[in-house]
1. Angle, helix 193-206 long axis vs. longest principal axis of the chain, Cα atoms, 0 to 90°, nearest 10?
2. If a/c stays under 1.5 just call it rounded; otherwise compare a/b with b/c (prolate if a/b is bigger, oblate if not). Do that for the range 19-80, with a ≥ b ≥ c from the square roots of the Cα gyration tensor eigenvalues.
3. Tell me the Rg and the Dmax, in Å, that the Cα atoms of the range 183-285 produce.
4. Kindly provide the pair-distance distribution of the chain built from C-alpha pairs, with 10 Å bins from 0 and whole-percent values in order of increasing distance.
5. Taking R0 as 30 Å, what's the FRET efficiency between residue 113 and residue 133 from their Cβ-Cβ distance, rounded to 0.05?
6. In square angstrom, what is the accessible area per residue of the range 118-213 with a 1.4 angstrom probe?
7. Taking a cut-off of 17 Å between Cα atoms, list the aspartates and glutamates near residue 72, but don't count ones fewer than 8 places away on the same chain.
8. Once both axes come from the Cα atoms, what is the angle between helix 273-284 and the longest principal axis of the chain, in degrees from 0 to 90, rounded to 10?
Amino acid sequence: MVEVTSRRIVVIGSTGFVGNAVMNASRLDGAQTLGVDRSQVDLTAPDADRQLASLLHADDAVVFAAAEAPCKSLESLECNLEIALCVIRALEQCAVAYLLNVSSDAVYLDSREPLTEASPSGPSNWHGAMHVAREALLNATGVPTLHLRPTLIYGAGDPHNGYGPNQFMSRARRGEDIELFGDGEERRDHVHIADVAKVALAALRQDVIGSLNVASGETRSFREIAERVVEVSTTKIRVTSKPRSGPMPHGGFRPISIARLQTVLPNYAPMLVLEGVEREVSHRG
């Protein structure tokens, strides 16, 4: 085990949702931290690998959180693979001590049983395919690597405003009704960004390798989440519905196992989503 404060943590993608949260948590923990964002190194530029390698030290722990997300097209997939290949070429020039790759639970084949780290991969969209490919490419570097696989993340700082807790809270702040697809009956696991950063920090301390789910271990329907936002909101809004344009993603159910996570963090007490949205609304309005 390595004390996180004893070596430098380099966060590639430090201004992104997850990267920024991990960097801030590392700094609060007393670690020497270097953030690398697009203003310093454009990972799609021809000379980017040499620029990035020049910033790295052999004893660094690197957090790879740079991505064009969410990945929704072939063009986006190509861009994300180009970013990963740039990082890999940089690691060939300066092999670091440890690599934490921010992946996603989208890598897994759909299942009615809780998804474990040993569950088969079988992505059903471009985003999952991108993460499967990046994980495989990074495994070939020889650097001790952990693929962190968070489920749907919510909390302050999310730039995507995707369907779910953050979109619902944003609409509530604007005094707009929350619109659900169908009856909002899909049940998903959601994890707060602070818990993702906490788990990443624990993995960096312990040099955890392989893959690791990051979730709450609880599934809730989008309707339950929307209704909690309405309940705690100070604005008068409603939950409405609109017809679906296609089938429910993942068959409407996506349970995630956190058994391995609880061995890494035995005292892990995730913020459950209904409590989380209540806290977010009370803090941010």
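The values are calculated or read from the model by the stated rules, or taken from the named source; none is laboratory data. Since this is a predicted model, take the numbers as computed values, not measurements. No Cβ is skipped: glycine too gets one built from the backbone with ideal geometry, and neighbour counts run over all protein chains shown. Ligands, DNA and RNA are stripped out before the accessible areas are found, and what is left, the full protein with its side chains, is counted by its heavy atoms. Shrake-Rupley method; radii C 1.70, N 1.55, O 1.52, S 1.80 Å.
1. The answer is roughly 30 degrees.
2. Oblate is the answer for the range 19-80, as a/c is 1.5 or above yet b/c matches or exceeds a/b.
3. When restricted to the Cα atoms of the range 183-285, Rg and Dmax are 16.1, 48 Å.
4. 6, 28, 35, 22, 8, 1
5. In this case the efficiency is close to 0.75.
6. Per residue, the range 118-213 has 37 Å² of solvent-accessible surface.
7. Result set, ordered by chain and number: 82, 105.
8. So the helix axis and the longest Cα principal axis differ by about 90 degrees.
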